[in-house]
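Please read the structure below before turning to the comments.
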Amino acid sequence: DVVETQEHYKSRWRSIWIMYLTMFLSSVGFSIVIMSVWPYLQKIDPTADASFLGWIIASYSIGQMVASPLFGLWSNYRPRREPLVISTAISVAANCLYAYVHVPHSHNKYYMLTARALVGFGAGNVAVVRSYIAGATSLTERTSAMANTSACQAVGFILGPVFQTCFTLIGEEGVTWKLLCLQLNMYTAPVLFGALLGVINIILIFAIFREHRVDDMGRQYKSINSDGEGSDVLDQNTEGSIDHVAVVALNILFFVILFVFAVFETIATPLTMDMYSWTRKEAVFYNGIILSAIGIESVIVFMVVKTLSKRTGERAILHAGLLIVLVGFFILLPWGKKLPNIQWQEIKNNSIPSTAPSEMLAPFWSLPELQLPSNHTAEPVGCPVTQSWCLNTPMIYLAQYISSDVLIGLGYPVCNVMSYTLYSKVLGPKPQGVYMGWLTASGSGARILGPVFVSQIYTHLGPRWAFSLICGVVVVSLLLLEIVYKRLIAFSVRYGRMQE
């Protein structure tokens, strides 16, 4: 056995910390503009509508889904510094493009769409990050390292909107540098800040990052990515085939995990506006606070799960996490008898419209409370009468919603970390770049399909159908986990080289 030197150990963990930073900056690049995309889009191109906004939001995930397997394949055969630097440089260039989308005289919305897609393409490097961390840690270090990676990602998602809020102090007009044709305002400053962070990241990758590879027992060895460091000690330990049934099952489970969380994120604002008669501003403000609290809860869970997994194992914790998510969505089902307040679309002279829908042919005492604006300019609040389910579906009480938030905020990070950890252990010493690329791509696909699914089902059929279907999906995923439970073991354990 080749004993790892103290110098090698320090260098290996310095490189892992650079990967943590890369993951953090990748998530900041997504969230730092998410609150300002819509007003900026309306400002630069009045022809853009809400449906186009959906494409701009989705373009990030589409770009990441395409890029992840490509960067993963690249990292399997070349030093990982190459895809890491190139992907980060693409993100820097894309952020700069975003800052200049106001310059063209037409088709500005398409330039914004391209910029966000390229930022997502650059974020495909998370597959490289995950594969490197999986290869540079032993089995005993893996869960902790994966938890730290997910925590850095979560902190990036939390701090992105915080940075955006700070930059709002610059205002919509800001400062204009005519020589550079650049407007530095509340919309462009965040992306330029993101570009600066990307440049710093590239410098640190060149200065600190080194290729390291260890086996499941922590012994260093030479890999295709290294420049000659390490030993060939692991040659015999790479023999054996990957359990592709376990790989496919974990891809499906990871898709479900990110799918249900994307549904949860998407539905939060419209659900609270419909159920609690919140205005747009109130919904964004209150849900922003709730999502921030969930983010903090997730970081705490990431830290706790590192210790807990050593006692119970990753499979049991993944099972428990899915059960918690199931209970969270089950609580969201409408159970009471009270109906939500109805928002009438055809209010004229503060009177009830003369043509009521056929569903309203019922005694007046059975009708939900009618919310009428005090004047013509007031924002209509409540559940829109155009959604027919509003007239017969009980409301979801605020206590239900908060309880569900807490449970989903607990279950999601548990499932996220455990699925990544189990996936890397199942793959073992084999090159993981492409496999991690597919896992990242499945997560990106879930983030694209989740909002589409819930927006259609919720709008046309209501929360009872939407959340029942989600519960059904989680139940099926639990059954799948039961079927493959015994196969979700580390590569070295499967071939008898280590004890579980």
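The values are calculated or read from the model by the stated rules, or taken from the named source; none is laboratory data. As the structure is a computational prediction, the values presented were derived from the model and not from experiment. All Cβ positions, even for glycine, are placed from backbone atoms using ideal geometry, and neighbour counts span all protein chains on display. Side chains are part of the model used for accessible areas, which takes the heavy atoms of the whole protein and leaves out ligands, DNA and RNA. Shrake-Rupley method; radii C 1.70, N 1.55, O 1.52, S 1.80 Å.
Taking the options Arg130, Arg116, Arg142, name whichever one is over 22 Å from Leu192 (Cα atoms), buried (at least 24 other Cβ atoms within 10 Å of the Cβ) and among the basic types (Lys, Arg). The unique qualifying residue is Arg130. Filtering segment 27-43 to residues that are in contact with a Gly (Cβ under 6 Å, 6 or more places away or on another chain) and over 11 Å from Tyr98 (Cβ atoms) leaves Ser27, Val28, Ser31.
The test for being crowded, with 21+ Cβ neighbours inside 10 Å, more than 30 Å from Gly313 (Cα to Cα) and modelled with pLDDT of 85 or more does not hold for Ile408. Residues in segment 42-84 that are more than 15 Å from Leu113 (Cβ to Cβ), open to solvent by less than 20 Å² (accessible area, probe 1.4 Å) and among the aliphatic types (A, V, I, L, M): Ala67, Leu84.
With respect to the stated conditions, Lys281 is modelled with pLDDT under 85, open to solvent by 20 Å² or more (accessible area, probe 1.4 Å), over 30 Å from Leu253 (Cβ atoms) and outside any loop (DSSP other than H, G, I, E, B). Among the residues of segment 416-462, the ones that are of a type in the set (Val, Ile, Thr) and closer than 30 Å to Pro394 by Cβ come to 4 in all. Considering (1) of a type in the set (A, V, I, L, M, F, W, C); (2) open to solvent by less than 30 Å² (accessible area, probe 1.4 Å); (3) without any contact (Cβ under 8 Å) to a residue 60 or more places away in the chain, the lone condition that Ala446 does not fulfil carries the number (3).
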